[in-house]
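The values are calculated or read from the model by the stated rules, or taken from the named source; none is laboratory data. Source: prediction; values computed, not measured. No Cβ is skipped: glycine too gets one built from the backbone with ideal geometry, and neighbour counts run over all protein chains shown. These accessible areas exclude ligands, DNA and RNA; they are computed on the full protein's heavy atoms, side chains included. Shrake-Rupley method; radii C 1.70, N 1.55, O 1.52, S 1.80 Å.
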Amino acid sequence: MSIKVRIPTPLQKLTQDRAEVEANAKNVQDLIEQLNKSYPGIKDRICDENGSIRRFVNIFVNEEDFRFLKKEQTPLKDGDEVSIVPAIAGG
Amino acid sequence: MGYVKGLKCRECAKTYPAEAIYVCEFCFGSLEVDYDYEAIRKVLTRKKIESGPSSLWRYRDLLPINGEPTVGFYSGFTPLVKANRLAEELGVRELYIKDDSVCHPTLSFKDRVVAVALSKAKELGFDTVACASTGNLANAVSAHGAWAGLKRYIFIPHDLEQAKVLGTLVYAPNLITVRGNYDDVNRLCSEIAAKYNWAFVNINIRPYYAEGSKTFGFEVAEQLGWRTPDHLVCPAASGSLLVKIWKGFKEFEKLGLIGPVKTALHCAQPQGCSPIAEAILSKSDAIRLVRPKTIAKSLAIGNPADGYYARDAVNASGGTAGIASDEEIVEGIQLLAKTEGIFTETAGGVTVAVAKKLIEEGKIAKNQSVVIAITGNGLKTQEAIQSSLGGALEIDPQLKSFEEKVLISSKL
Ligand SMILES: Cc1ncc(COP(=O)(O)O)c(C=O)c1O
Ligand SMILES: [Zn+2]
């Protein structure tokens, strides 16, 4: 078992075109570090120079926006599903 | 011939070709259409615009298509109504309603953005269009898409007003209601958009779609006699319309079509979903997500994609923000209807209520010119005001009954 991560199109070049990858991590921050080990460069896309997640990147843990949870410290466990989604326009 | 140079990241300025893409691969910033303004300056004059079609396509040189427009020939160029009675009621000298409650064909400003989005989608070779919507966009994509002969997938939250559901279904799209709020619909649609090769107007077509909102601002400036007002009050959900009205004014200024822009742009949001307005009022650095709870369902976006840019536009213009409660929204709808004969939806109620507040608070001075952006039609949100309206007088078909019941009770 591990965590399922859905990768948005603009990042799929880094994941060899895979839209879904698996990882093991204890929280969102850690997940980004782990992803960066498997897919070097991904962290720079998601995080700014200070290492914080960019303001227009949305991360959902089991459909819930991580900013409503514990943000970077949101805990993760086996079987969780994480979605990385760019900000989207309204309608 | 069009004047699009390509797309450009709003954050890091990296450039991309004008394709169906919407985020920067390097920093995740959203992409914006980049024009060749030098070339536009050489051809675009007031006269050229004035002799163009009576639709938003009169501003075609500043819209992101390469060929001729193919959708929305009758959209836009809505009335700018001089609102004397409402002006008197609110205590300002010069007040106008920019009235997109009568935009063709689905009675909201979304007909503008969709005219541009679908023209672009066709140009890019798509045969299927889609959107995530709080209602008005659903209506517009369904209707324009029917006219253009496109397959349509429309995603909306499950609890929208009946008229917005019916006003989508009638055009026979694939309508999908999602058990969740708009932000849930949006997330789902991003995942769908990543997997299926459709033109999602507010996802992969967004850079083009959003440009359509500039025409709201262009029209205000042209209809005021080639100037911008001292104040413009604009409703915000994702914040895109507000950002693009500002961009439209600044483009006209840059091209020398109008003088320096001195408009204070004010952001109007409903209580229960006002993340942008709150960030502006509290001068906070971050825009805090909310779970929307408001009767203004068209504005119920808790995670506004253009929130930061909307805040920056408001601040750059010297404007501010205001928040209207559900009760004030209903009063705003009724006030506009009884003074100006314009029936707007809840979003318009928010805008009227906020304009009223800003005038009362002195943030809009009484001797200045004001435009209120009315972006949608009241027939679509009847539930919101049903219980606040008095009933009709019912009588028997006799003169006596008329005189007894009507003349006496209305004290003529
Ligand atoms: C009637 C109406 N007004 C205003 C808006 C706000 O638009 P934006 O998301 O561009 O801020 C919407 C959005 O759906 C709307 O339907
Ligand atoms: Zn970028």
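Could you put B:Y3, B:Y208 in order of accessible surface area, largest first, with the 1.4 Å probe and the full protein assembly present?
B:Y3, B:Y208
Let me check the size of region B:180-253 from its C-alpha atoms; what are the radius of gyration and Dmax in Å?
Looking at region B:180-253, its Cα Rg and Dmax stand at 15.6, 47 Å.
Quick one: order B:E251, A:E33, B:E394 from most to least accessible surface, probe 1.4 Å.
Ranked from most to least accessible, the order is B:E394, A:E33, B:E251.
List, largest first, the extents of the alpha carbons of region B:307-402 along their principal axes, each in whole Å.
Projected onto the principal axes, the Cα atoms of region B:307-402 cover 63, 30, 18 Å.
On a 22 Å Cα-Cα criterion, which of the cross-link pairs B:K82/B:K366; B:K110/B:K366; B:K98/B:K214; B:K8/B:K120 come out too long?
Numbers: B:K82/B:K366 16 Å; B:K110/B:K366 31 Å; B:K98/B:K214 13 Å; B:K8/B:K120 17 Å.
Violating the 22 Å limit, Cα to Cα: B:K110/B:K366.
Given a 1.4 angstrom probe, I'd like the percentage of the accessible area of region A:3-86 that is carbon and sulfur, rounded to a whole number.
Values: 1820 of 4100 Å².
That fraction is 44 percent.
Restrict the search to region B:19-74; then list the GluC sites (Glu not before Pro) that DSSP places in a loop and that have at most 13 other Cβ atoms within 10 Å of their Cβ. Don't skip to the answer; put the middle values down first.
Numbers: sites: B:E19, B:E25, B:E32, B:E38, B:E50; in loops: B:E19, B:E25.
Passing both the DSSP loop test and the Cβ count: B:E19.
Run the numbers on region A:3-86 and let me know its relative contact order in percent, using alpha-carbon pairs under 8 Å that are six or more apart.
Result for region A:3-86 is 39 percent.
Mind checking the angle between helix B:182-195 and chain B's longest principal axis? C-alpha axes, 0 to 90 degrees, to the nearest 10.
The angle comes out at about 30 degrees.
Which one of B:A194, B:A365, B:A384 has the biggest mean-square fluctuation once chain B is modelled by GNM with Cα springs under 10 Å?
Sorting by GNM fluctuation, first place goes to B:A194.
What list of ³J(HN,Hα) values in whole Hz, one per residue of region B:306-317 in order, does the Karplus curve 6.51 cos²θ - 1.76 cosθ + 1.60 (θ = phi - 60°) give from phi, with Gly and Pro shown as x?
9, x, 5, 5, 5, 4, 5, 5, 4, 5, 4, 8
Semi-axes of chain B's equivalent ellipsoid from the Cα gyration tensor, sqrt of 5 times each eigenvalue, largest first, rounded to whole Å?
Gyration-tensor ellipsoid for chain B: 34, 25, 22 Å.
Need the per-residue list for region B:1-50: every residue with at least 20 Å² less accessible surface in the complex of protein chains than in the chain by itself, probe 1.4 Å, sorted by number.
B:E11, B:Y22, B:V23, B:E25, B:F26, B:C27, B:F28
When the Kirkwood hydrodynamic radius is evaluated over all pairs of different C-alpha atoms of region B:214-319, what value in angstrom, to one decimal, is obtained? Don't skip to the end; give the middle numbers.
Values: mean 1/r = 0.0717 Å⁻¹.
Taking the inverse mean of 1/r over all distinct Cα pairs, region B:214-319 comes out at 13.9 Å.
Between A:D30 and B:E360, what is the label-to-label distance in nm when each label sits 7 Å out along the Cα-to-Cβ direction?
Here the modelled spin labels are 5.3 nm apart.
If you take all C-alpha pairs in region A:3-86, what percent of them are over 20 Å apart?
For region A:3-86, the fraction of Cα-Cα distances above 20 Å is 21 percent.
Run the Debye formula on the Cα coordinates of region B:133-261, all scatterers equal and no solvent, and tell me log10 I(q)/I(0) at q = 0.09, 0.20 1/Å.
These q points yield log10 I(q)/I(0) values of -0.33, -1.11.
So what is the accessible area of the protein assembly as shown per residue, in Å², with the probe set to 1.4 Å? Walk me through the numbers before you get to the answer.
Details: 20610 Å² over 503 residues.
Computed with neighbouring chains in place, this is 41 Å² per residue.
Give the interface area between chains A and B as buried accessible surface, both sides summed, probe 1.4 Å, in Å² to the nearest 100.
Numbers: alone 5750 and 17620 Å², together 20610 Å².
Answer for the A-B pair: about 2800 Å² buried.
Mind listing the Cα extents of the protein assembly as shown along all three principal axes, in Å, largest one first?
Taking the Cα atoms of the protein assembly as shown, the three principal extents are 85, 54, 47 Å.
Rounded, prolate or oblate: which one fits region B:235-383, using the alpha carbon gyration tensor with axes a ≥ b ≥ c (rounded when a/c is under 1.5, else prolate when a/b beats b/c, else oblate)?
It comes out oblate by the Cα gyration axes.
Once neighbouring chains are kept in place and the probe is 1.4 Å, which whole percent of the accessible area of chain B is contributed by carbon and sulfur?
Of the solvent-accessible surface of chain B, carbon and sulfur hold 52 percent.
Compute the distance from the alpha-carbon center of region B:253-310 to that of region A:1-43, in whole Å.
33
In terms of modelled amide H atoms, which long-range or inter-chain residues lie less than 5 Å from the amide H of B:T294?
none
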